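Data first, discussion second: the structure below is written as structure tokens.
The values are calculated or read from the model by the stated rules, or taken from the named source; none is laboratory data. Nothing here was measured: the structure is a model prediction, and the numbers come from that model. Note that we place each Cβ from the backbone using ideal geometry, even for glycine, and neighbour counts take in every protein chain shown.
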Amino acid sequence: MRKILTGLALRPHQKESALVKLCEKKLHAPCRYFRILKKSLDARDKSDIKWVYSVECGTEPYVPPLRVFPKAVGAPKVVIAGAGPAGLFCALRLLDYGIAPVIVERGRRVEERAADVERFFATGVLDPASNVQFGEGGAGTFSDGKLNTQTNDPRNRDVLETFVKYGAPAEVAYLGKPHIGSKNLRTVVANMRRDIEARGGRFRFSSTLTDVVVRGGKLCAVCVNGEEEACDELVLAVGHSARDTFSMLLARGLRIEQKEFAVGVRIEHLQSAIGKAQYGAGYAALPAADYKLVSHASERAVFTFCMCPGGTVVPAASEEGGVVVNGMSEFERDGRNANAALVVQVRRSDFGGEHPLAGVAFQRKLERAAYLAAGGGYKAPVQLVGDFLADRESYYFGEVQPTYAPETAFVPMRAIFPAAITDALKAALPDMDRRLAGFAACDAVLTGVESRTSSPVRIVRGAKDMMAEGAAGIYPCGEGCGYAGGITSAAADGLRVAETLAGKYL
């Protein structure tokens, strides 16, 4: 007999082994099978904070059945452009069907990429092909490694369990807000690569998709680093910063649409202040506190995104002459500061034109404005929240010291953003402070610009065949093509595309 039990509660000081005894009371028998399905922290009552669990348990040992995949007929040549979550998970699923893909990635292996990123953090010398945006693992590799998602795709659990299989902490499979941490994610990505190669897949690093050959509405070949080669199927798992690829695909007749996204800043507070606000006096005995806030205090929605407890603000540029920031934290989340993107929804009307890539131009304009305003060299513009709200310049930091590595420069945010963005942020900060005490603290630090929240385009694909309109054999996939919004949803889309593609050969 197996049962799913929900609402089991433990206090923070209790060990999870106590759950087995709770299960035995419910089963009225010894528990011989036990698995945690979900774990989340209930902090609604600060005087009674507890962990709440859903578990599967049983009186007999149980091994879940393995999924068996049918094998494809023939050996199509499949190229996957991009080795981020969408590309890696697509490759893994294609191999399940017996299709061995070639993965082309403009950046480097994650081990080499990590060295390139650290060098950029330390010196401000950017490698446009290997950075926070480009390279094995995708942009999420240098982040908090968050795996929570707003989508309800049944593949999401498969994604989480796959991450655990390749080395992520076991709790990733059941935590309400799972995260891997940047260094752990690098290990997981490297393990995925080794398994893909062992099963017959092939990686080509420092290799950029430079063109596609489409004849009669069907893909015939691809060009990698300028050299043409035959290809039966192409999965476009490029990231949201593959601007040159978007331009090339548009020139080749693929239908690309503008997509709205959000822009803004990173906001930093002391992690201890966030902990006290969320959990009360006992915050130190609990995991580093996070938050998620939305404000409709103005006509534009403002929200926090990619919150990194105990993390750092990092330079995330991929083009010369532009400043981009992102957030990163390790699994332990033990840094002094908390940071999150604080962003404003932008509209197509903000882009200044109807061109499909007008959103890219809008991003680039903000990034270059930030670069110039801060004095170049990838210094980031910063302003204290109190000064921003009072519309005055900042001259010194308070208790919150910025974590952005290359250097910062005091710059009024109004010098970078359109008035519609700064006005929305000014309305949102005190509104959010009413729900999270101290969010609008005078010494909290704003760092700009957070411009790569999601892709500024969508490459239109069919609802059933998932192929690009007017180009049979090309499969837009993941966040960069406009079909996901984070690591888990991008990975799930990679699985979905692989299943659809493989279906042609079964």
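At-a-glance table
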quantity	calculated
Residue in the stretch 345-358 that is under 18 Å from G264 (Cα atoms), within 19 Å of the chain's Cα centre (by Cα) and not in a loop (DSSP other than H, G, I, E, B) present	yes
Qualifying residues in the stretch 342-396 (those that are free of Cβ contacts under 8 Å to residues at least 12 places away in the same chain and of a type in the set (A, V, I, L, M)) - the one nearest to E260 (Cα to Cα)	A361
Close pairs (6 angstrom Cβ cut-off, 6 or more residues apart or separate chains): among the acidic types (D, E) in the stretch 405-421, crowded, with 18+ Cβ neighbours inside 10 Å and assigned to a loop (DSSP other than H, G, I, E, B) anywhere	E407/K379
The stretch 127-138: number of residues that are surrounded by 20 or more Cβ atoms within 10 Å (Cβ to Cβ) and either aromatic (F, W, Y) or more than 17 Å from the chain's Cα centre (by Cα) (or both)	2
Number of positions in the stretch 382-405 that are in contact with a Phe, Trp or Tyr (Cβ under 8 Å, 6 or more places away or on another chain), under 20 Å from F120 (Cβ atoms) and surrounded by 19 or more Cβ atoms within 10 Å (Cβ to Cβ)	1
Test result for E197, under 25 Å from G322 (Cα atoms), in contact with a strand residue (DSSP E or B) (Cβ under 8 Å, 6 or more places away or on another chain) and in the same structural domain as P101 (by TED's automatic domain parsing)	no
Test: residue in the stretch 219-235 that is outside any helix (DSSP H, G or I), touching a residue at least 24 places away in the same chain (Cβ under 8 Å) and not assigned by TED's automatic domain parsing to the domain that holds P476	no
Check on R255, at pLDDT 95 or above and within 21 Å of A139 (Cβ to Cβ)	no
Qualifying positions in the stretch 147-168 - closer than 23 Å to R109 by Cβ and of a type outside the set (F, W, Y)	L147, V159, T162, V164, K165, G167, A168
Matching residues, the stretch 427-463, being hydrophobic (A, V, I, L, M, F, W, C) and closer than 22 Å to N326 by Cβ	A428, L429, M432, L436, F439, A444, V445, L446, V449, V457
Test: residue in the stretch 318-333 that is touching a His at 6+ places or on another chain (Cβ under 9 Å), aliphatic (A, V, I, L, M), touching a residue at least 60 places away in the same chain (Cβ under 8 Å) and closer than 23 Å to S272 by Cβ	no
Residues satisfying the stated conditions in the stretch 300-344, i.e. outside any loop (DSSP other than H, G, I, E, B) and either assigned by TED's automatic domain parsing to the domain that holds T187 or not aliphatic (A, V, I, L, M) (or both)	F303, T304, F305, C306, C308, T312, P315, N326, G327, N337, N339
Top-ranked residue in the stretch 475-506 [being among the aliphatic types (A, V, I, L, M) and under 21 Å from S454 (Cβ atoms); ranked as surrounded by the fewest Cβ atoms within 10 Å (Cβ to Cβ)]	L495
Subset tally (residues that are assigned to a strand (DSSP E or B) and either of a type in the set (V, I, T) or buried (at least 21 other Cβ atoms within 10 Å of the Cβ) (or both)) for the stretch 259-271	7
Single residue of V445, V449 found to be more than 29 Å from Q258 (Cβ to Cβ) and crowded, with 24+ Cβ neighbours inside 10 Å	V445
Any hit, the stretch 469-486, residues being in the same structural domain as A289 (by TED's automatic domain parsing), charged (D, E, K, R) and in contact with a helix residue (DSSP H, G or I) (Cβ under 8 Å, 6 or more places away or on another chain)	no
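Quick grid of which residues meet (1) in contact (Cβ under 8 Å) with a residue 12 or more places away in the chain; (2) over 25 Å from D493 (Cβ atoms):
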site: P61; (1), (2): yes, yes
site: G87; (1), (2): yes, no
site: A91; (1), (2): yes, no
site: V104; (1), (2): yes, no
site: A115; (1), (2): no, yes
site: A122; (1), (2): yes, yes
site: G135; (1), (2): yes, no
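This table checks each residue for (1) modelled with pLDDT of 95 or more; (2) farther than 16 Å from E257 by Cα; (3) over 17 Å from the mean Cα position of the chain (by Cα).
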{"site": "V460", "(1), (2), (3)": "yes, no, yes"}
{"site": "K464", "(1), (2), (3)": "no, yes, yes"}
{"site": "I474", "(1), (2), (3)": "yes, yes, yes"}
{"site": "Y483", "(1), (2), (3)": "yes, no, no"}
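Residue-by-condition table, conditions (1) under 26 Å from the mean Cα position of the chain (by Cα); (2) more than 30 Å from G376 (Cβ to Cβ):
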{"residue": "K426", "(1), (2)": "no, no"}
{"residue": "R435", "(1), (2)": "yes, yes"}
{"residue": "A440", "(1), (2)": "yes, yes"}
{"residue": "A444", "(1), (2)": "yes, no"}
{"residue": "G494", "(1), (2)": "yes, yes"}
{"residue": "K504", "(1), (2)": "no, yes"}
